[in-house]
1. Where only protein heavy atoms count, and the probe is 1.4 Å, what is the accessible area per residue for chain A in Å²?
2. What does the accessible area per residue of the range B:1-108 come to in Å², with a 1.4 Å probe and no ligands, DNA or RNA counted?
3. For chains B and A, what's the summed buried accessible area, probe 1.4 Å, to the nearest 100 square angstrom?
4. What average count of beta carbons from other chains do you get within 10 Å of the Cβ of residues in B:101-113?
5. Quick check: convex hull over the Cα atoms of chain A, volume per residue in Å³, rounded to an integer?
6. Taking R0 as 30 Å, what FRET efficiency do you get between B:LYS68 and A:ASP65 from their Cβ-Cβ distance, rounded to the nearest 0.05?
7. Return the Rg/Rh ratio of the range B:49-116 with Cα-based radii and a Kirkwood Rh.
8. What are the lysines whose alpha-carbon lies under 22 Å from the alpha-carbon of B:LYS71, with same-chain residues fewer than 8 places away excluded?
Amino acid sequence: GAVVSQHPSRVICKSGTSVKIECRSLDFQATTMFWYRQFPKQSLMLMATSNEGSKATYEQGVEKDKFLINHASLTLSTLTVTSAHPEDSSFYICSASGGTSYNEQFFGPGTRLTVL
Amino acid sequence: GENVEQHPSTLSVQEGDSAVIKCTYSDSASNYFPWYKQELGKRPQLIIDIRSNVGEKKDQRIAVTLNKTAKHFSLHITETQPEDSAVYFCAASVGYRIQGAQKLVFGQGTRLTINP
């Protein structure tokens, strides 16, 4: 099956710093990548959708200047949390879609961000 | 926008019994309905999906039924085993497509516990 990697798996940072999370599709070309945030014992909340070479489309309530998304190639998307604060602490998960199974989303392993 | 309601939030069944989780959606244009299993701290994994042109799909002990008229779909797990214990999420595609794959809206999740 399709494999999606995410790096780093865990990051702890100080308040005010920026953190970059990478999402890669390893064995297929991802025309679309999605970024989700998941708080403990809650569902996945879509933050933004990105298509290769296009600007990301953000969900209502998600600050695009705070969560910078770049989808520079068909196998790589990055999420940068700028000026992170403790309330940004969460589990961030990417997913990728593409190839023959058009709508199926393959999830990365997630990144646990802790902002002190 | 699309709204997906999932019930129950928690479900406990005896090993060997069946488990049923139900979801309703609001967007009549939704045409793709996946189910994901998520273990603690892990990525969501697709266990089964159904498209709007069929009413039922089965894969070994797992089945999904879809009633488009009533806008609800259900996950059925038979002969449950301890390793089925996890959080299960339903999702529905958003009816429109911006570019590339459709977005998914997730239900709130069901914590399934299989008692030995």
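1. Details: 5520 Å² over 116 residues.
Result: 48 Å² of accessible area for each residue.
2. Values: 5340 Å² over 108 residues.
Solvent-accessible surface per residue comes out at 49 Å².
3. The summed interface area works out to 2000 Å².
4. On the way: counts 16, 6, 10, 9, 4, 7, 2, 3, 5, 0, 1, 0, 0.
Average neighbour count from other chains, rounded to a whole number: 5.
5. On the way: hull volume 11.1 nm³, N = 116.
Spelled out: Cα convex hull of chain A, divided by residues, is 95 Å³.
6. On the way: r = 40 Å, r/R0 = 1.34.
The calculated FRET efficiency here is 0.15.
7. Values: Rg = 14.0 Å, Rh = 13.7 Å.
Radius of gyration over Kirkwood radius for the range B:49-116 works out to 1.02.
8. B:LYS22, B:LYS37, B:LYS57, B:LYS58, B:LYS103
The values are calculated or read from the model by the stated rules, or taken from the named source; none is laboratory data. Please read these numbers as outputs of a predicted model, since none were measured by experiment. Here the Cβ is made from the backbone with ideal geometry for all residues, glycine too, and neighbour counts use every protein chain on show. Ligands, DNA and RNA are excluded from the accessible area calculation, which covers all protein heavy atoms including side chains. Shrake-Rupley method; radii C 1.70, N 1.55, O 1.52, S 1.80 Å.
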